[in-house]
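Taking it in order: structure first as structure tokens, then the write-up.
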């Protein structure tokens with residue numbers, strides 16, 4: 001007998017994404033254009049539901065909030081490539097781990113605007129701003145505040161989520177990586193996990209990095225799990241040294257292997273395909289604690 005599943009076309013403001021062609025292999029994708037408090041234009045907020053999501057009798061799912069929402073599961077939505085997170089989570093489910101819901105906020109087309117939206121309210125070194133078109137008016141606190149105050153309550157009210165802090169993660173790469181690190185660092189009551197890949201710590205002076213970390217010392221008593229990755233090829237070389245510096249500081253503050261996983265592959269570049277390779281162990285590190 002063929003099982004006919006109930007899959008609604010709409011969930012609150014979210015409409016099922018059915019565009020073809022697609023590279024998504026598993027799960028269900030919903031999207032809604034929303035007015036964001038920190039942006040002038042409307043932006044897509046995207047929700048990916050795992051293939052096991054039961055719309056009639058759903059179980060509680062962890063949730064991972066991510067920047068660059070267009071890059072999560074379908075390369076046709078992005079100019080850069082995608083993380084293939086639908087495949088990653090499907091494999092984790094086969095290993096008996098909980099399947100998270102993904103919630104992604106699309107990034108703006110303008111790179112300078114994206115840099116400001118995702119950078120915490122920290123001072124970026126002047127020469128870095130000039131060389132890398134770095135953020136000059138950072139509003140990452142507003143981005144994270146929107147997730148906490150507006151988006152998370154909406155998602156929890158519509159979908160079957162596990163709202164506990166340990167089941168709520170924040171993730172991203174590059175500028176999204178610093179946003180994820182900042183959100184986890186400054187709002188431990190909301191986010192119990194951070195996936196922070198290719199974080200541009202080189203934006204800040206060593207003095208400022210120490211000051212930022214010292215504001216939250218001692219970290220392990222209040223913070224959850226952290227997964228970090230950095231490569232070392234091409235443009236990614238710029239990131240490596242300062243990521244290693246922060247990892248060393250976090251280790252000294254008590255983040256051993258049970259609290260933090262760090263992945264280094266000097267042969268990988270600054271690209272979604274690189275982040276895809278380490279998304280599975282990073283998410284497994286989070287989800288294995290929720291079984």
Scanning region 202-226 for residues that are modelled with pLDDT under 75 and in a helix (DSSP H, G or I), the one surrounded by the fewest Cβ atoms within 10 Å (Cβ to Cβ) turns out to be 221
Near pairs, Cβ below 6 angstrom, 6+ apart or cross-chain, from region 154-168 (within 21 Å of residue 291 (Cβ to Cβ)) to any residue that is in a helix (DSSP H, G or I)
163/156
Within region 258-272, can one find any residue that is under 25 Å from residue 45 (Cα atoms) and in contact with a strand residue (DSSP E or B) (Cβ under 8 Å, 6 or more places away or on another chain)?
yes
When region 242-270 is checked residue by residue, the ones that are more than 21 Å from residue 184 (Cβ to Cβ) and surrounded by fewer than 18 Cβ atoms within 10 Å (Cβ to Cβ) are 265, 266, 267, 269
Selected residue (criterion: modelled with the highest pLDDT) from residues of region 87-110 that are out of contact with any helix residue (DSSP H, G or I) (no Cβ under 9 Å at 6 or more places or on another chain) and over 23 Å from residue 163 (Cβ atoms)
90
With the condition being in contact with a strand residue (DSSP E or B) (Cβ under 8 Å, 6 or more places away or on another chain) and surrounded by 24 or more Cβ atoms within 10 Å (Cβ to Cβ), I'd like the helices (runs of 4 or more DSSP H) fully within region 65-178 carrying at least 1 qualifying residues.
85-94, 111-118, 140-146
Enumeration of residues in region 179-200 that are assigned to a helix (DSSP H, G or I), touching a helix residue (DSSP H, G or I) at 6+ places or on another chain (Cβ under 8 Å) and crowded, with 22+ Cβ neighbours inside 10 Å
179, 182, 183
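The values are calculated or read from the model by the stated rules, or taken from the named source; none is laboratory data. If you're wondering where the values come from, they're calculated on a predicted model, not measured in any experiment. Here Cβ is always computed from backbone atoms with ideal geometry, including for glycine, and neighbour counts include all displayed protein chains.
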